[in-house]
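A short write-up of the structure that comes next.
The values are calculated or read from the model by the stated rules, or taken from the named source; none is laboratory data. If you're wondering where the values come from, they're calculated on a predicted model, not measured in any experiment. Every residue, glycine among them, receives a Cβ derived from its backbone with ideal geometry; neighbour counts consider all protein chains shown. Each accessible area value is taken on the protein alone, full model and side chains, heavy atoms only, with ligands, DNA and RNA left out. Shrake-Rupley method; radii C 1.70, N 1.55, O 1.52, S 1.80 Å.
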Amino acid sequence: MSFSTKKAFGKSTTYKGLSIYPVRMVDADEFYDYVQCLLLPKSDFQEPEVIRMSYFMFLLALSQNKDGPDLLAKLIALYRLIFKTEDIQFTINEKGMAFIIVDGISLHERDFDKIKTIISEQNLIDLDDEFIDPGTKKAIQEARAFMAKRRTKQADLEQQIVAYHCKSGLPYHEIENLTLYQFHKGLIRMDYMVSSDAILNARYSGMVEFKNDQDLPHWLGHIDEPKKNEDVIMTKSAFDKQMKQLGLDSSSNKKQ
């Protein structure tokens, strides 16, 4: 079974003999609280020693601050949730190498980064890009905030659960058992299907016309995965096209 179908069916992923389980909706509130420990913007720190650290060592370093115990508590709680075990330990050997021990299996800090990625993919969590330029990140954040003001306010998680129930007819106790991946992908597909029906109805009523029937949306049509930050970053070709539409030539602004 491929990783993509595993996500669709809500199956666990095996890593070094350990099963990493996708989080289910019943645990969503706890997960979104615990996972904050993986979303800290390490790239915001400009100190060379911090930049060179692995994310795990970065967390251990932050744990020395006053909020450190809470940070490590979230990490332990997160690991207990995804590994479904209470046997989670941290250790540092005589060489200063840090390990997480899960059910007696030692995981190096490099394993931590791989598990972090699996958590992200299983549960649709957008990880912070450690290598992005801080100035670029700030510009993206400002652009995203501006774009958000221009869109219809999206329903919060509670309202999304109600919407999922109303649209699909699935009982609430069954929605609880869906993984976060299944729930959010299901919402996206339902939204696509509703939009598809609306467009097709408009077409058949004569309100809109399509040059080619292949352009008509289909309820089972492919939904492209959005690239990270593509909602706020404009490609050079798109920029040049917009400049031409405005009667301007972007190349004229280049230095001679």
> Of the listed peptides 179-186, 13-20, what is their order by residue-averaged count of other C-beta atoms within 10 Å, with the highest listed first?
Replying inline: 179-186, 13-20
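Roughly to the nearest percent, how much of the accessible area of the stretch 3-102 is carbon and sulfur, given a 1.4 Å probe? Please list the in-between numbers first.
Numbers: 2900 of 5420 Å².
Looking at the stretch 3-102 in its full context, I get 53 percent from C and S.
So for each of 93-101, 170-178 I average, over its residues, the number of other beta carbons within 10 Å; can you give me the resulting order with the highest mean first? Mind dumping the intermediate values first?
Details: 93-101: 11.8, 170-178: 13.6.
By packing density, highest mean first, the sequence is 170-178, 93-101.
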> Debye sum, Cα scatterers, the stretch 1-130, no solvent: what log₁₀ I/I(0) at q = 0.22 1/Å?
Replying inline: -1.55
